[in-house]
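Notes follow the structure.
The values are calculated or read from the model by the stated rules, or taken from the named source; none is laboratory data. Since this is a predicted model, take the numbers as computed values, not measurements. Glycine also receives a Cβ, built like all others from the backbone with ideal geometry; neighbour counts cover every protein chain displayed.
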Amino acid sequence: DAKTTQPNSMESNEEEPVHLPCNHSTISGTDYIHWYRQLPSQGPEYVIHGLTSNVNNRMASLAIAEDRKSSTLILHRATLRDAAVYYCILRERGVANAGKSTFGDGTTLTVKP
Amino acid sequence: DSGVTQTPKHLITATGQRVTLRCSPRSGDLSVYWYQQSLDQGLQFLIQYYNGEERAKGNILERFSAQQFPDLHSELNLSSLELGDSALYFCASSASVEKLFFGSGTQLSVL
């Protein structure tokens, strides 16, 4: 499995943008980049995913480097409810092979009021 | 609500015992994944099933086994339990490579 590397922790002020980085230098051409977040005492929750192009949804934006070896999750205006552990993972294209979807240690985001 | 149902929510048992955790995936999702989350090891992938067949295996102990039934629900069986097996066990399902939907987990305490 290709591995991802994220900073252990980051801090942000409320209502400011947050950029959460992820390195995945061994990514293969068939890997999608996914982001999930886990709030305390809950299961991980899907945030966003992409393959090559930048992506936007109501929760966040995903910026993918041209060589795909890194990506950045962007929360445009952090709220206290965004405080969570954020995981960047790689999922192989093809449902049956999307398997291991190995999670790393993630980044713990603290949002200060 | 993710649509993935895990039962029971909490389970307390003793060392050496066997337990079964159950997962009902979202309607129509063919893939089921099991993960273990403990304080010192983060979220560890255990095993994946796709439409009844095992597709990927992670760091699953030999004392653990799983299966996916024709109605697509899945069970994770943990036997000869040890104190170190105490953890949150999550099930996730997906219909495609796009999203994993996680259940709220089963908290297993082995005393």
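Observations
- Hits in segment B:47-95 (condition: outside any loop (DSSP other than H, G, I, E, B), facing chain A (nearest Cβ under 10 Å) and not charged (D, E, K, R)): B:Ile47, B:Gln48, B:Tyr49, B:Tyr50, B:Ala56, B:Leu88, B:Phe90, B:Cys91, B:Ala92, B:Ser94
- Scan of segment B:96-111 for residues that are among the polar types (S, T, N, Q), surrounded by fewer than 21 Cβ atoms within 10 Å (Cβ to Cβ) and not in a loop (DSSP other than H, G, I, E, B), ordered by number: B:Gln107, B:Ser109
Here is a yes/no grid of residues against (1) more than 7 Å from chain B (Cβ to nearest Cβ); (2) in contact (Cβ under 8 Å) with a residue 12 or more places away in the chain; (3) farther than 23 Å from B:Asp29 by Cβ:
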site: A:Pro44; (1), (2), (3): no, yes, no
site: A:Leu51; (1), (2), (3): yes, yes, no
site: A:Asn54; (1), (2), (3): yes, no, yes
site: A:Ala63; (1), (2), (3): yes, no, yes
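- All conditions in (1) modelled with pLDDT under 95; (2) more than 12 Å from chain B (Cβ to nearest Cβ) hold for A:Lys100, with the sole exception of (2).
- Condition met for A:Thr26 (more than 27 Å from B:Ser104 (Cα to Cα), more than 15 Å from the chain's Cα centre (by Cα) and without any contact (Cβ under 8 Å) to a residue 40 or more places away in the chain): yes
- Any chance B:Ser27 is more than 14 Å from chain A (Cβ to nearest Cβ), assigned to a loop (DSSP other than H, G, I, E, B) and modelled with pLDDT under 95: yes
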